[in-house]
1. Share of the stretch 97-217's accessible area from carbon and sulfur, percent, 1.4 Å?
2. Only bridges with both residues in the chain count here: give the DSSP antiparallel percent, nearest 5.
3. Would you mind telling me which residue in 118, 168, 202 has the biggest mean-square fluctuation in a Gaussian network model of the chain, where springs connect alpha carbons within a distance under 10 angstrom?
4. Specify the residue with the greatest mean-square fluctuation among 105, 80, 238, computed from a Gaussian network of the chain linking alpha-carbon atoms under 10 Å apart.
5. Tell me the angle of helix 164-177 to the major Cα principal axis of the chain, expressed in degrees between 0 and 90 and rounded to the nearest ten.
6. In degrees between 0 and 90, to the nearest 10, how far off the longest principal axis of the chain does helix 192-201 point, with axes built from Cα atoms?
7. What lysines does residue 51 reach when the alpha-carbon gap must be under 17 Å and sequence neighbours fewer than 8 apart in one chain are set aside?
8. Sequence gap of 8 or more, or different chains, plus Cα separation below 18 Å: how many lysine pairs satisfy both in the stretch 93-230?
Amino acid sequence: IAQEVNLMLDMIQEVYAKFGFKDFWVRVSTRDPKSKKKYIGDKEVWDESEKMLSHLIEKRGWKHQIGEGEAAFYGPKLDFIFKDVLGREWQLSTIQLDMNLPGRFKLEYTDENGKKQQPIILHRAILGSTERFLGILIEHYAGAFPLWLAPEQIWILPVSDKFASFAQKIREELLQKNTNLRIVVREENETLGKKIREGQIQKIPYLVIVGEKEEQQGTISVRDRQKGDLGPKSLEAFSAMVTEQIQNKQ
């Protein structure tokens, strides 16, 4: 059990680090000894389960506290409380150790010796409700998603209609280098300044501007959401840069 729970703890830590949630603590949710009728199973089983979960968290040195009375009726659990950039706390991941319901449901499996055994169930939710998690994630980033997560990663902005076909060519060449890029060519009959402002408002990670100079020199002008104007770049250099950022989940 400890080996499987540790695999889940590793997964939770890695997943939330990638999403930018590194400030968290763990609630070890135990039964309420004053309300014995709320829980099923033997006291010895509960004692063993609670002790095991507490030990695994203590061994990692993670911040934690005991949540007396917060256990499920069938077993104790680990609830992960993450703090977003606004300082708000959200209970997201959970691991529940269930040593009681398998007996109620008469669950069994055949072991390597051909004998019938009763399993133990580990309930695991990494993100919790996906819809709820997405809402929290949007607020955590205030819409400014990292490049790897952004729904639209790159906007290509031709300075005028005259360079719309060149913009499409740039898009095709970028996709040839990395087919997973999410690129939009903004061909609307609007001024370049308006397109740039809209890209900033929508918090697009990269704005690529192309016009006569870029077409003649075979380059692109790149604008970073955070750093501003990065100047001219070759298509190869820009593609390598964004691919590395995406692969490393920067």
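1. Numbers: 3420 of 7020 Å².
On the stretch 97-217, the fraction of accessible area on carbon and sulfur atoms equals 49 percent.
2. Working: 30 of 43 bridges.
The antiparallel proportion sits near 70 percent.
3. 118
4. It is 105.
5. So the inclination is approximately 40 degrees.
6. On a 0 to 90 degree scale, this one is about 10.
7. Answer for residue 51, where 17 Å is the Cα cut-off: 43, 59, 63, 77, listed by chain and number.
8. The number of close lysine pairs in the stretch 93-230 is 11.
The values are calculated or read from the model by the stated rules, or taken from the named source; none is laboratory data. Fair warning: this is a prediction, and the values are worked out from it, not measured in the lab. Neighbour counts are summed over all protein chains in view; Cβ atoms, including those assigned to glycine, are modelled from backbone coordinates with ideal geometry. Protein only, heavy atoms only, side chains kept; ligands, DNA and RNA dropped before computing areas. Shrake-Rupley method; radii C 1.70, N 1.55, O 1.52, S 1.80 Å.
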